[in-house]
Structures are given as structure tokens and as C-alpha cells.
Amino acid sequence: MGNKVGPMKNKKKIWEGKTKRNEQTRKKGRMGNSQSPPPNPHFNSASRAFTPKELEDLKSLFNSLAAQSQTNCQYVSSSVFQVYFGLKGPLGERMFDLATQGRKDDKLTFEDLVITKGTYVKGTNDEIEEFIYRLLDVTDDEILTRSDLDSVLVNMFNHIFQLKGSQPESSSHCYMVETFLNAATFSKDHEGHDKSMSFEDFKSWCTLVPSVKKFLSNLLVPPDPGRPGSKVPKLQYSENIDSSILLLRDEYAWHIGGALSHEELEEWKLLYHSSLNGLSFNTFLGNISNGDEPTVLIIKDREGYIFGGFASQPWERHGDFYGDMKTFLFQLYPKASIFRPTGANSNLQWPPYAYGSVAVYVANNMHLQCAVNFSSETIPNGIGFGGRINHFGMFLSASFDQGHTFSCTTFNSPCLSRTTKICPEVIECWGVVRKGLEQETTDVVKGTVLERFKEDRHMLNLVGIANASE
């Protein structure tokens, strides 16, 4: 019996010794890891996106924010992070949560900062969109709902218009938030929940509201009124004009400006308003033809819809569609959407003088016909955007009492109003002042009519009578 007990005790001692040595080995390994942590592959990959100078600047920024966080330069707190980048409310909290990899420890490390900036700032377009998509999920439940977007949009408007120095009323916030939400699609099904926004829905929404994407893509830079996505054009109009009659408000200007360059967001001046200048096509053309700046045409129809077009080229005489790829159509109410050129065709702007107000020569079976103040169903008299003749994306007749809007491939735009027929209630036009660009303006336009309108002159040359007016 004693012989049996001895070997069992020996085996137990041997097992206990191995266990003790294994534990010591594990402790030693843990101590080694704490002293020399393995390299983070995500950090190494993100670091390669920056130049040495950029990494040095990031390190200086981190040290400064960590010092303010009073953490011996080890990490940055959520409050210091949000104050520095001007992020408040659910948007700021969500950004910090994503930056810290969802650890919920209130500690942003230097590695976190580099990885976040490497993805959000230096990443591919898909990576940036994926990051913003996750950013909008402020409840962090992996379901992007209308409520999430509502919180973010309110947060955005508070930030943007506080920077501008003018805080819109809360009712105006609700009004604008609703128009942006109306442009969104929620197609993703969830059992027991309302439909949510899929990633594809989100990308489609971003094309319609580029101002939102521009703002959300530039959150990790110091806040100021010039930060991309935060700039609102200064609206210039006479002091004796009651601003309540104007269709264009700051929020609408910010929305339209999402599709424009930074230089085109300095100042917009009121050129024409139907309540102030009357429903006169000639007055309208006279007011908008004094410069070469782009113009923003806005219409409110009797259905209550507000929409319009951005004309990148001056409104002038042409024999056909003209313009460039900066031209676009937009909706302001009840949806806020922008429709940019698709490249399907070049039918961007339809001129107000399409061989109409002076003389028109039409070749027909080798016979030439001349018409003064010409107007017909073949050549519409008015201004238009996109589509084709008599089937424009948006058209306003020279009578200023009617127009039409059809879906068109030029801008991939839908009918902009409730119906295809436009019955204008208010017509408004603003000129975009491009700072730093000299604009030649004269009180009197010199030269004969034919010198000013070279296309008509070219057509008269074809029949040998161009010099008749000289």
C-alpha cells in the first residue's frame, strides 16, 4: 500500500512543478509583451499614407491635446477631442467612439489618431464613405434610421450657422431637416424595426446632397467658417428689401453651394426678383446680362414647390444648347436635391436668344426665311436647362407665366414639381461673385447688334448680307 502511494505523490509533485514553470513562463511572456508590444498592422498601414512631416505634425497635435487632457501625454480625452475639432452632441460622441475603436475607455491614443485619419482623410473614396456611413449611426446599433439622420442634421445645422454668426430659428431647422430627409431612401428591411438606410441608399443620398457629404468628410480639421462644408455664401441685397420675400435663405444657399467650388461661395448678389422687378422677361435679361458671373435661378410655383438651376455660363445668344459640366438643376422644397450632369448629352443651357429677338434665318428646302421677334413651337422663346427642345429638364417661357419640367438624362433629374407644368408664383435670380476674378462691366455695350451676336452674323455671312448693317 505504501509503495502505491509514493509514486502518486511523485507524479503530483512533477505536475505541480510543470504547472509552476508554465505559469512563470506565461508571466514572463506577459511582461515581455508589456515592454515590447507587437507592431499594430493597422497603424503601420495607416502611417504609410502620411509623409514624415505630416506624421510629425500629427504627433505634435496629439501631444498638445494630450497635455490639455492632463494624461502625461499618453492619450486624449473625449471632451478635449470634441472641443478642438468643434464637434458637439451625438456627432462628436460618435466620431470619438469610432476613433477609439469602440473601446469606451475615453482614451484616444496616437495610434488611434493615425489610423482614423489614415482611413477618414487619406483613404479611398469607398473607405471614406464607409466611415461616414458608420459615423451616421449615432446609436451604434448597426441600423441607420431616419432618427439617426435627424440627429446628425440638427447637429450639423447648429454647428454651421453658429460658425457663420447667425443662428437659424428652431422652426427653420425642422423645415430644412425634413427636406433633406425627404431626399433619402430607406430600403433595408429589419424584423421588428422600420426600414433603414443601406450603404447603397447612403451613397445615392450623398450624390443628391453633396453639401452633407462635404461637411461630414472634413470634421477632423480645426473648425472655422472656411472649413470645407461649413461655408455659407454671403447674400447681398438692398437694405430696403424685406428679406421675408426672398426665396433664397442661408440654408438653401449652403445646400446649393455643396456642388460649387470654394471660390464661388464668397458672395451672391440679388439680380432679379419678380415681386420687385415685375414679371418682365426683358427686365430679367437686362438685369442678369451685365456680367459674366454664374447665376442661380430659383422658381416657386403655385404648387408650393421650390426648385431651379445653376447656370455656370452667362445667359447669352447661341444657336443651340451650350454651357459646361458645372451647370446643374436642384430642388429646395419639399425635397433638397442636386442633379449634376451625367455626360449623356451636352444639352445644358438653352439660350434666351435662340435666333429669336432680332432675326432668324431658317434653311428649308434651299429657301431662306426671315422672321423678326420669331417665336414658334419649333424654337421655344425662353430659358431652359437639360433635356431637349420642348421637353426640357426645366424651362421658363419668355412670357414668365408658364414653363415645364420633365425628367431628363442630361442631369438624371426627375420632374422638379408636382406636375410637368410650371405656373410660376415667384422668380428670383442671384449672381455668383467670384472673388479675385476681374469682371468687365460697362454701362453701354458698344458695337452693332450683329457684332454682339456673332452667330447671327455668321448666318448672315452665309447669304452674303452681313455687312448690310454696317
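Against the condition farther than 23 Å from Leu329 by Cα and modelled with pLDDT of 95 or more, how does Tyr237 come out, does it pass? Considered against the rule, which asks whether it is farther than 23 Å from Leu329 by Cα and modelled with pLDDT of 95 or more, Tyr237 comes out as yes. The residues in region 398-457 that are outside any loop (DSSP other than H, G, I, E, B), touching a helix residue (DSSP H, G or I) at 6+ places or on another chain (Cβ under 6 Å) and at pLDDT 60 or above can be counted, and the count is 4.
Could you identify the single residue in Glu293, Glu239 that is in contact with a strand residue (DSSP E or B) (Cβ under 7 Å, 6 or more places away or on another chain) and farther than 27 Å from Cys423 by Cα? Result: Glu293 is the single residue among Glu293, Glu239 that is in contact with a strand residue (DSSP E or B) (Cβ under 7 Å, 6 or more places away or on another chain) and farther than 27 Å from Cys423 by Cα. Does region 307-321 contain at least one residue that is at pLDDT below 95, assigned by the TED database to the domain that holds Pro424 and closer than 12 Å to Gly393 by Cβ? Yes. When region 271-296 is filtered for residues that are without any contact (Cβ under 8 Å) to a residue 60 or more places away in the chain and assigned to a loop (DSSP other than H, G, I, E, B), the ones remaining, listed by number, are Gly278, Ser289. In region 210-232, what residues are touching a residue at least 40 places away in the same chain (Cβ under 8 Å) and either open to solvent by 40 Å² or more (accessible area, probe 1.4 Å) or in contact with a strand residue (DSSP E or B) (Cβ under 7 Å, 6 or more places away or on another chain) (or both)? Of everything in region 210-232, those that are touching a residue at least 40 places away in the same chain (Cβ under 8 Å) and either open to solvent by 40 Å² or more (accessible area, probe 1.4 Å) or in contact with a strand residue (DSSP E or B) (Cβ under 7 Å, 6 or more places away or on another chain) (or both) turn out to be Pro210, Lys213, Lys214, Val221, Pro222, Pro223, Asp224, Pro225. Could you count how many residues in region 169-206 are at pLDDT 85 or above, small (Gly, Ala, Ser) and more than 16 Å from Pro334 (Cβ to Cβ)? Counting residues in region 169-206 that are at pLDDT 85 or above, small (Gly, Ala, Ser) and more than 16 Å from Pro334 (Cβ to Cβ) gives 4. Residues that are in a loop (DSSP other than H, G, I, E, B) and open to solvent by less than 40 Å² (accessible area, probe 1.4 Å) were ranked within region 297-317; the one that is nearest to Val426 (Cα to Cα) is Gly304. Within region 76-133, the residues that satisfy the criterion of being of a type in the set (D, E, K, R) and touching a residue at least 12 places away in the same chain (Cβ under 8 Å) are Lys88, Glu93, Arg94, Asp97, Asp106, Lys107, Glu111, Asp112, Lys117, Lys122, Glu129, Glu130. Candidates are the residues of region 186-206 that are among the charged types (D, E, K, R) and open to solvent by 50 Å² or more (accessible area, probe 1.4 Å); the one that is farthest from the chain's Cα centre (by Cα) is Glu191. Condition check: among the basic types (Lys, Arg), at negative phi and open to solvent by less than 20 Å² (accessible area, probe 1.4 Å). Does Arg94 satisfy that? So Arg94 fits the description; yes. Going residue by residue through region 139-160, is there one that turns out to be surrounded by fewer than 16 Cβ atoms within 10 Å (Cβ to Cβ), at pLDDT 95 or above and within 30 Å of Leu108 (Cα to Cα)? Scanning region 139-160, I find no residue that is surrounded by fewer than 16 Cβ atoms within 10 Å (Cβ to Cβ), at pLDDT 95 or above and within 30 Å of Leu108 (Cα to Cα), so the answer is no.
Inside region 390-430, residues that are within 21 Å of Gly323 (Cβ to Cβ) and of a type in the set (Ser, Thr, Tyr) make up a count of 6. Filtering region 73-113 to residues that are over 22 Å from Ser230 (Cβ atoms) and under 26 Å from the mean Cα position of the chain (by Cα) leaves only Asp97. Within region 285-292, not a single residue is among the charged types (D, E, K, R), assigned by the TED database to the domain that holds Thr342 and surrounded by 16 or more Cβ atoms within 10 Å (Cβ to Cβ).
Name the single residue that is nearest to Lys107 (Cα to Cα) among those in region 50-75 being assigned to a loop (DSSP other than H, G, I, E, B) and open to solvent by 80 Å² or more (accessible area, probe 1.4 Å). Among them, the one singled out is Gln74.
The values are calculated or read from the model by the stated rules, or taken from the named source; none is laboratory data. Here the structure is a predicted model, which means the values were calculated and not measured. For neighbour counting, all protein chains shown are included, and Cβ atoms are generated from backbone atoms with ideal geometry for every residue, glycine included. Only protein heavy atoms, including side chains, enter the accessible area calculation; ligands, DNA and RNA are left aside. Shrake-Rupley method; radii C 1.70, N 1.55, O 1.52, S 1.80 Å.
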